[in-house]
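The values are calculated or read from the model by the stated rules, or taken from the named source; none is laboratory data. Note that this is a predicted model, so its numbers are computed, not measured. In this analysis, Cβ positions are derived from the backbone assuming ideal geometry, glycine residues included, and neighbour counts consider all displayed protein chains.
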Amino acid sequence: MRRKSHQQKRLHARRKQQRIYLAPCWNRGSAKQETAKMQTTQEKTHGEALAAMLGIDVEEITESKWDTYGLRTFEANGGEYAIGTDEECDKAAAQNIRESVWAFQGWFIADHSPEGLTGENIDALRGDSCENANAALIALIEAGSGMADFIDAAISADGRGHFLAGYDGHELESDCGNVFAYRIN
């Protein structure tokens, strides 16, 4: 049996470590094993994914103490980024949309409200109330096509980046396609 040199052992250990961190991007093993690996390395995966998206070293990234609509937030490259999985980003965008229905164009809200309402009717109802009109507008949408349909239509029209990336409206996608980042300042 041939013995490994010290250099070969270090190289093997480094490769093994890389596989652990990159496991969520690879399609190996059962879905249950994949989920367990992703949960145990999620912190490192999010930071490493952001570093890869920005083309910087992972050491240049610092996790913030707050979140953005439930997405973890990191400081890197002179900006702040919210980052999450596809499912987490869908939930975050939906939460943002629910909180900002009052800011949508009247005609868009009317398209998802009960028949007979126009954009002008919505604008008149909203008036100068802004955020205070949100609950009433949500009730109209629920009576029409429903919030799920409204949220899907809003994301289809503008993309998640419009709702989550306050800085530039862009969505960054990791090479593995499972992690997305949004610059928030």
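General remarks:
- Residue within the range 60-68 that is at positive phi, outside any helix (DSSP H, G or I) and modelled with pLDDT of 50 or more present: no
- L137 satisfies every condition listed in (1) exposed (fewer than 15 other Cβ atoms within 10 Å of the Cβ); (2) part of a helix (DSSP H, G or I) except (1).
- Residue within the range 156-174 that is within 20 Å of K91 (Cα to Cα), of a type in the set (F, W, Y) and either in contact with a Cys (Cβ under 6 Å, 6 or more places away or on another chain) or surrounded by fewer than 18 Cβ atoms within 10 Å (Cβ to Cβ) (or both) present: yes
- Flag if N132 is exposed (fewer than 13 other Cβ atoms within 10 Å of the Cβ), assigned to a helix (DSSP H, G or I), free of Cβ contacts under 8 Å to residues at least 40 places away in the same chain and not charged (D, E, K, R): yes
- Residue in the range 82-109 that is farthest from E142 (Cα to Cα), counting only those that are among the small types (G, A, S) and assigned to a helix (DSSP H, G or I): A92
- The test for being in contact with a Pro (Cβ under 8 Å, 6 or more places away or on another chain), at pLDDT 95 or above and surrounded by fewer than 18 Cβ atoms within 10 Å (Cβ to Cβ) holds for A143.
- Filter pass, A110 being in contact (Cβ under 8 Å) with a residue 24 or more places away in the chain, in contact with a Leu (Cβ under 8 Å, 6 or more places away or on another chain), surrounded by 13 or more Cβ atoms within 10 Å (Cβ to Cβ) and of a type in the set (A, V, I, L, M, F, W, C): no
- Of the criteria (1) outside any helix (DSSP H, G or I); (2) modelled with pLDDT under 95; (3) surrounded by 14 or more Cβ atoms within 10 Å (Cβ to Cβ), which one Y182 fails: (2)
- Test: Y81 is among the hydroxyl-bearing types (S, T, Y) and at pLDDT 95 or above: yes
- Conditions (1) in contact (Cβ under 8 Å) with a residue 12 or more places away in the chain; (2) not in a helix (DSSP H, G or I); number of the one not met by F150: (2)
- Hey, Y21 closer than 14 Å to S174 by Cβ, of a type outside the set (S, T, N, Q) and at pLDDT below 90 or not: yes
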